[in-house]
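Notes follow once the structure below has been shown.
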Amino acid sequence: MSDVSKNMRIYHRYLGFFLAGIMAIYSVSGIIMIFRDTDFLKKENHKVLTIATGLKTDELGPAIKLKNLKIISDTLDVITFPQGTYNKTTGVADFKVMELPYLLNKMTKMHKATHKDPLYYLNIFFGVSLMFFVISSFYMFMPGTTIFKKGIYFTLAGIVLVLVMLFF
């Protein structure tokens, strides 16, 4: 076995141990995010926010961070929507939202971090580490061996499965 193969095995092993906890968290948060458009695991929270006064119906959703806000009625003083109300005069929005419990919410926010969030460094490190796992796995067994050949077949099967799921 070459020195490169030995080193790849060592790096693969210890990076794998280091990332085991992170992979578990990403796994759980990824599965939970599949159900983000449902109320799965969510609980109802009552919110009362004071925001700008006199907002129009199209400005209200972004101001209280509710996507696809549907307006039931818009009177002189109050905008009513399924989750609650907004008083145009006082700027008080009184509404209910469905949210994940604290820890699960933090985990999914980590999973969705953008370049504006400090957690994106963790996401980049994790992505690069996963790519290292992809590359280093081909150094675990000598080319030409039965295990390596089977590994190539499984790799190709995984690629085909993803392509089929993406395009059909």
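The values are calculated or read from the model by the stated rules, or taken from the named source; none is laboratory data. Fair warning: this is a prediction, and the values are worked out from it, not measured in the lab. Because the Cβ atoms are built from the backbone with ideal geometry, glycine has one as well, and the counts that use them run over all protein chains shown.
For Phe141, the conditions (1) surrounded by 14 or more Cβ atoms within 10 Å (Cβ to Cβ); (2) at pLDDT 90 or above; (3) out of contact with any strand residue (DSSP E or B) (no Cβ under 9 Å at 6 or more places or on another chain) all hold with the exception of (2). Taking the stated definitions as given, is Leu76 aliphatic (A, V, I, L, M) and assigned by TED's automatic domain parsing to the domain that holds Phe18? So Leu76 does not fit the description; no. Of Lys109, Lys149, Lys96, Lys88, all but one fail to be without any contact (Cβ under 8 Å) to a residue 12 or more places away in the chain and under 24 Å from Ile64 (Cβ atoms); the exception is Lys109.
Does at least one position in region 52-68 carry a residue that is touching a residue at least 24 places away in the same chain (Cβ under 8 Å) and exposed (fewer than 10 other Cβ atoms within 10 Å of the Cβ)? Among the residues of region 52-68, at least one is touching a residue at least 24 places away in the same chain (Cβ under 8 Å) and exposed (fewer than 10 other Cβ atoms within 10 Å of the Cβ), which makes the answer yes. Residues in region 35-51 that are surrounded by 10 or more Cβ atoms within 10 Å (Cβ to Cβ) and without any contact (Cβ under 8 Å) to a residue 40 or more places away in the chain: Phe35, Phe40.
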